[in-house]
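Report on the structure given below.
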Amino acid sequence: MAISNNIESLIAQIESDLEFREKFRKALGIDDEYARKSDLVPILDSINKNLEEIKNLRTEMRENLTQIWDEIKNLRNEMKVQREEITKVWEEIKNLREETKALKEEMKVQNDNIVKIWEEIKNLREETKALNEEIKKQREESERNFAKVWEEIKKLREETNALREDMKISLERMWKEIESTKKAFNRRFDKHEDWLKKLGIVPLEMRSFRWLRALLDAKGENIDNLRWRVKFKDPKARLGTEDIEIDIFSDSPLYMVEVTNRIDDIKKITKFKKKVEFITEKFGKKPKAIIITEDFAEDIEEEVMDICRVNDIEVLDVGWKPDK
């Protein structure tokens, strides 16, 4: 670039300074006008050619310099990014050093804890050894005690068996006494039953009342609540009227009994089913429902039994039937 400027300065000086031009001509050996004219043409052509090459070279250099500056700019940007990355790396290294330092401190604490743990394990082993010795002693003592316990159990079993025999004998005596009491009660009741017959009272109802009373008493249940011909009011009038009468009734335990000499119509069963529904709604639970009869119409007996079985109604046929 400096050479090009020098050449241009030389050419400009030759063109503008006549004296310099003559000196330059003499220096080149050009003495006459003809020689000057003929020799300068190739020189000028060469100079022009050089100038053109210098111009092209200058243009190329400018382009190269532009590219170089762009490259330098890019390099500077890359270096800036690299510096930022390096800064981040150093920050990360700094953080890692701090974390490493904290980790070393933590490991030191953990090592101290591990030492304490091993000390504790050592103490536990010693305590476990002592405990095993104690357990061994207690096991031996327990085995001796269990032997004594089994001996005691054996004696208790023998005593229990003897007590069972005594209780069996006592229960047999008690049941004999109960049977004797029942027979005496029945004999007294039979006398009242004969008297009630004369008053027109149906004997079956009395016998049913007596039977249910004896049954509850034998089960150890309360018989004081057992009543005869109890009446209720049914707002729904299930039977066509609000009045409902139950032949034998107890609210605790919940029993209801229908007594009829003969079941000759399915309607009697349907009517009793409605009474059971009423009692169930009134007391919130289903009662023990029983029908006591002495006779069935032959054509409906099987159907009656099926209906009662489905509706959990117990049927007691207490009538005498000849052997077939």
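Each value in this text was obtained by applying a stated rule to the coordinates, not by laboratory testing. This structure is a prediction, so every number in the text was calculated from the model and none was measured. Reconstructed Cβ throughout: ideal geometry from the backbone, glycine too, with neighbour counts over all protein chains shown.
Values as computed for the structure displayed
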read-out	value
Cα centroid separation - the stretch 267-309 against the stretch 72-139, whole Å	85
Average projection area in nm² (convex hull over Cα atoms of the stretch 203-317, one quarter of hull surface)	7.1
Neighbour-count order for MET61, MET107, fewest beta carbons within 10 angstrom listed first	MET107, MET61
Percent of beta bridges antiparallel (DSSP, the stretch 203-317, rounded to nearest 5)	45
